[in-house]
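Below is one structure, written out as C-alpha cells; the observations come after it.
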Amino acid sequence: MTGEGELAARLDALRRQLRHHDYRYYVLDDPEIPDSEYDRLLRELQSLEAAHPGLITPDSPTQRVGAEPLSSFAEAIHRQPMLSLQNAMDEAEMRAFDERLRRALGVERVAYVAEPKLDGLAISLLYEDGRLVRGATRGDGHRGEDVTAQVRTIRSIPLRLSGEDWPPLLEARGEVFLPIAAFEALNARLREAGGKTFKNPRNAAAGSLRQLDPKVTAERPLAMFCYGFGAFEGERPAATQSGMLAALRRWGLPVSPESKVVEGIDGCLAYHRALAERRDGLPYDIDGVVFKVEDLAAQERLGFVTREPRWAIAYKYPAQEALTQVLAVEFQVGRTGAVTPVARLAPVAVGGVTVSNATLHNLDEVRRKDVHVGDTVYVRRAGDVIPEVVRVLPERRPAEAQAVTLPSHCPVCGADVVRPPGEVVARCSGGLYCPAQRKEALVHFASRRALDIEGLGDKLIEQLVDKGLVQDPADLYGLSAETLAGLERMGEKSAQNLLAALEKGKATTFARFIYALGIREVGEATAAALAGRFPDLETLAAARVEDFQQTHGVKGISERAAERLCARLAEAGDTPPDGDLADWLAGLKITGLNRTTIPRLLAAFGDWAALRAARPEDLIYREGSLVEGVGPVVATHIVSFFAQRHNREVIDRLRAAGIHWPAPQPAAAAQAQAQPLAGKVFVITGTLSRPREAIKAELEALGAKVTGSVSGNTDYVLAGRDAGSKLERARALGRAVIDEEGLAALLERR
Ligand code: IVH
C-alpha cells in the first residue's frame, strides 16, 4: 500500500463492504458471502486500523464495542415524548376503536399499518448527519437512560445510515428484543453456571441492554425492529406510515418484515388472526398486533389523549404466562439419559393453548425456584419451546406441599441415577439397555468412529427398534438375512451387505469398543487413553472412582493452612508438646485444621518427628487424574456404567457374538496387567547397582510412581550406598526404607 490517498480509499471501501454485509446478514437475514469471506474483510480492516490508529472513525464496523465499562447511565432527555399505546383486549374493543376513527375522520374505511407488537423494550436512536449519536431507553417517556455504548453493539443497528436522502436529524424508534433461541441459550448458560436465569425474553433483553459494561451487551445477540419516528428535521420522505417505514428500510434500519398495510376493520381482524396462527413459530415473543393509521395527515388530525396517540392501538394476544397448580413432579429420561424433572400441572390456558406439563430443567433449578408439589406457580410458554415453571407464589403454599427429590433409579429402566459431583444434570447409567436411550445408543454404537457398521443408519435403527427387533447392540448380531430383507427400503442385497458389515465390525480395537459403549463423556480420546491404561475390559469394569485419581498431601489441607502449620511447627522446636498431639494441633486455631483434617494429618505423619520434617508441599492437598481426560466426573460415569448388571450383560453378549480386539501391546500389557506396585510411591536415593533411570523405568512399568522427594505419601524409599538427606527424612517420616534386595523380595511377595 502506497500513498495516503490509496490507504484512505481502501479503508473506506472495506468499511462500506462490511456495512453492506452486516445489513445483508443482520437486517435482511440474507447474507451474500460466506462468513470466512466476511472475516477476511474484517481482519484486513482491523490490521490496517491497528497500523494507522489515527484513521479509525467512530462509525467504523470495528468500533462497535467501546473500551470501558460505564459507572452509571447518563440521563437522556427525549426531544419528543415517547408514548405508549391504548389496548384492545378483544374484537369488540378493536371494532370500537375503528368506529371512533371512522367517525372522527369522516370516512367509510381507514387504512392501517399492521405489525407485530414485540415484547422487548422501546429504544430511541438519534442520527445526526447520518451517524448514530445516541441511543436511549424510554424511561418515563420524557427522560430515559443514555445507552449509546450498548446500542452500538447491536449488529442490526447501523452506526451510519446508508443511501443518500436521509434527513440531517432523524430519531428512529423501535423495539429492542432478544430472539427466543438466544434467550433459551442465555438461560441455559446461566443455569449451567449455577446463576440466576431470566424470567422471559423481555427481561433478558432489558437486562442485557442495561449492562454498564457494553462488552456484556455485545455477547447477547440483541435485535431491533424500528416502527416509527420521533424527532425529524428536514423534508419528510413520505406522507404515509408505510412510506416512512420504507424510508427507514432504505436507510439501512431494521424494520419488521411482517409490517403490512391492511384495509378497514376486516383487514385488521384478518391480520390479527393470521399472525396468531403463526405466533408460536415466530423467532421472537410478541404480545399483540399494533395498528397505526396509514395516512400521516390523518394521524396529525387525530392527535393524542394524555400519553397515547388516538391513531394507534395494540390488539393484544392472550398472555404467555398463567397461574396454575403443580399436581406432581415426575422425572423424564431423555435420549441421552438426562433425567429431567417435569411438573404435572392443573390444565391451564396459556397463550391460547392448554398446558398441563412444564419442564423444571434440573434439580438445582427446582431448588432455586423452590418448587414443591402442591404449589401455585406461574407457567410460561414462548414459541415452540416446552412450557416452563417460572416462579412460585410462596404465600399460596399449602401445608401439605411436598419437596421434590431426585429418584435413585431410572424411572424407565431402573438403573442407578447418577449425578457426579459438581454436575447439574442427573443421568441414567443404563446406557446400553435403557429403552429411553436405545436408539441413541445404537446410532452411536454403529457410527464410523465406533464399530463403523456401514449401512446401519438412523432410519434403519428407528425401524429395528420400533418393530421390536433390536433392543440393545447385542441384538444386532442375532438378525437374520430374512428379517432384514423384510424391512422397508431393504432388499436382499442390502441385507447381505449389512450382515457383512456387522461381521466386519466384529474385529475392532479395545479403544473403539470402549468408545462404542457410549459411556457419558467418554469420547474417542478418553476411550483411547483408557485402552492404553487398562489391560482389559474386566480391569476397567472393576475400577473404582479412586482408581482414576492420584492424590498428594492431606485431604482438606490448603496451601495457607499448610504454610501456617509448618511455621508453627518450626517455632515449636524439637521437643514434642506435652499431652495429646491432636489437641495441641487443634489449639493452634489454624483455619482448615480441624476435627476432620487432624486425624488424617496424624494418620499420614504419625508423630512429632514426622510432622516436624514435613514441608508445606508434603501437606497441601492436590488431586490429579491417572488417565488423561478422566477427572472425578468422567470417572463417576465410567464406574456407574459398569456397575449396572444389564450393561455388563450386554457387553458379555457382544463378546459372545464374536466382537474381539487384539491383546494389548507388550509394553502396555506389562505396565497394566501386572501393576503389582500400582499406586505405590517410591523415592530412589543413593548409589545402586544399576542406573537410577533403569530402575525408575522398571518400577513405573510395574505401576509405581517415582518421585524426587520424600513425603508423608512416600510408600518406599529405595536406598543405595551413601544415601544422605533423603534417607534421613524417610526415617524421620517413618517411611519404609528398602535396599535392592528388599525390592526383589517385595516383588516376589506380590
Ligand atoms: S408504536 C406512539 N409499534 O409497545 C406509538 N410500539 O405499549 C408508540 N411496541 O413502548 C409505539 N412493538 O415499546 C409501536 N410495532 C410496534 C411496537 C410497539 C412493540 C411497544 C413499544 C411501546 C409499547 C406501547
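Coordinate-derived values only; no laboratory data. If you're wondering where the values come from, they're calculated on a predicted model, not measured in any experiment. All Cβ positions, glycine included, derive from the backbone under ideal geometry; neighbour counts span all protein chains shown.
General remarks:
- Using a Förster distance of 56 Å, the FRET efficiency for Ala246-Lys459 (Cβ separation, nearest 0.05): 0.75
- Length released on extending from Ala104 to Arg301, taking residue separation times 0.36 nm less the Cα-Cα span: 70.0 nm
- Value of relative contact order over segment 609-750, rounded to a whole percent, pairs C-alpha under 8 Å and six or more apart: 25 percent
- Of the GluC sites (Glu not before Pro) found in segment 44-150, the ones in coil according to DSSP and having at most 16 other Cβ atoms within 10 Å of their Cβ are Glu108.
- Per residue, the convex hull around the alpha carbon atoms of segment 260-341 comes to 167 Å³.
- Size descriptor, Kirkwood hydrodynamic radius, that averages inverse alpha-carbon separations across segment 531-593, Å: 15.1 Å
- In degrees, nearest ten, helix 180-192 long axis to first principal axis of the chain (Cα): 30 degrees
- 20 Å Cα-Cα reach of Lys589 towards aspartates and glutamates, excluding residues that sit fewer than 8 places from it in its own chain: Glu559, Glu563, Glu571, Asp578, Asp580, Asp607
- Computed over segment 384-467, the ratio Rg/Rh where both radii use C-alpha atoms and Rh is Kirkwood: 1.15
- Pairwise FRET efficiency - Ala74 versus Val424, Cβ, R0 = 45 Å, nearest 0.05: 0.70
- On the basis of the beta-carbon distance and an R0 of 51 Å, Val385 and Arg568 show a calculated FRET efficiency of 0.30.
- For the chain, the spread of Cα positions along the three principal axes, ordered from largest to smallest, is 113, 77, 75 Å.
- For segment 366-417, the list of GluC sites (Glu not before Pro) that fall in a loop by DSSP and count at most 12 other C-beta atoms within 10 angstrom reads Glu400.
- In this simple spin-label approximation, Lys467 and Leu55 carry label points 7 Å from Cα along the Cα→Cβ vector, and these lie 6.8 nm apart.
- Of the trypsin sites (Lys or Arg not before Pro) found in segment 223-332, the ones in coil according to DSSP and having at most 15 other Cβ atoms within 10 Å of their Cβ are Arg307.
- Under 17 Å from Lys504, Cα to Cα: aspartates and glutamates that are on another chain or at least 8 residues apart: Asp452, Glu454, Asp475
- Scaled radius of gyration (Cα, divided by 2.2 N^0.38 Å) that segment 576-700 gives: 1.63
- Straight Cα distances below 18 angstrom link Lys459 to the lysines Lys439, Lys467, Lys493, with same-chain residues fewer than 8 positions distant left out.
- With the convex hull drawn around the C-alpha atoms of segment 124-226, the volume per residue stands at 100 Å³.
- Cα principal axis extents for segment 324-403, largest first, Å: 37, 30, 17
- Applying a threshold of 23 Å to the alpha-carbon distances of Lys316/Lys369; Lys117/Lys215; Lys117/Lys199 flags Lys316/Lys369; Lys117/Lys215 as lying beyond it.
- The distance linking segment 1-49 with segment 76-114 is 43 Å (Cα centroid to Cα centroid, whole angstrom).
- Cysteines without a disulfide-compatible neighbour (Cβ-Cβ under 4.7 Å), the chain: Cys226, Cys268, Cys566
- The helix-based estimate of mean residue ellipticity at 222 nm for the chain, built from -39,500 (n - 2.57) per DSSP H run of four or more residues and divided by its residue count, is -10500 deg cm²/dmol to the nearest 500.
- Segment 677-747, dipole about Cα centre (Lys/Arg Cβ +1, Asp/Glu Cβ -1), debye to the nearest 20: 220 debye
- Mean Cα-pair separation over length for segment 159-230, i.e. relative contact order, pairs under 8 Å, 6 or more apart, %: 51 percent
- The chain: angle of helix 492-505 to the longest principal axis, Cα-based, in degrees nearest 10: 50 degrees
- Compared with the dominant Cα axis of the chain, that is its longest principal axis, helix 632-643 is turned about 70°.
- Rounded to the nearest 20, the Cβ-based charge dipole of segment 524-619 about its Cα centre (Lys and Arg +1, Asp and Glu -1) stands at 320 debye.
- Volume per residue that the Cα convex hull of segment 500-558 spans, once the total is divided by residue count, Å³: 113 Å³
- Since only Phe304, Val262, Pro237 are under comparison, the one whose Cα sits farthest along the positive direction of the charge dipole of segment 214-324, derived from C-beta charges on Lys, Arg, Asp and Glu, is Pro237.
- Note on segment 20-122: Cα-only Rg and Dmax are 23.5, 66 Å.
- Sequence-separation-based contact order of the chain, relative, with Cα cut under 8 Å and 6+ spacing, percent: 9 percent
- For segment 462-589, projected area of the alpha-carbon convex hull averaged over all directions, nm²: 14.4 nm²
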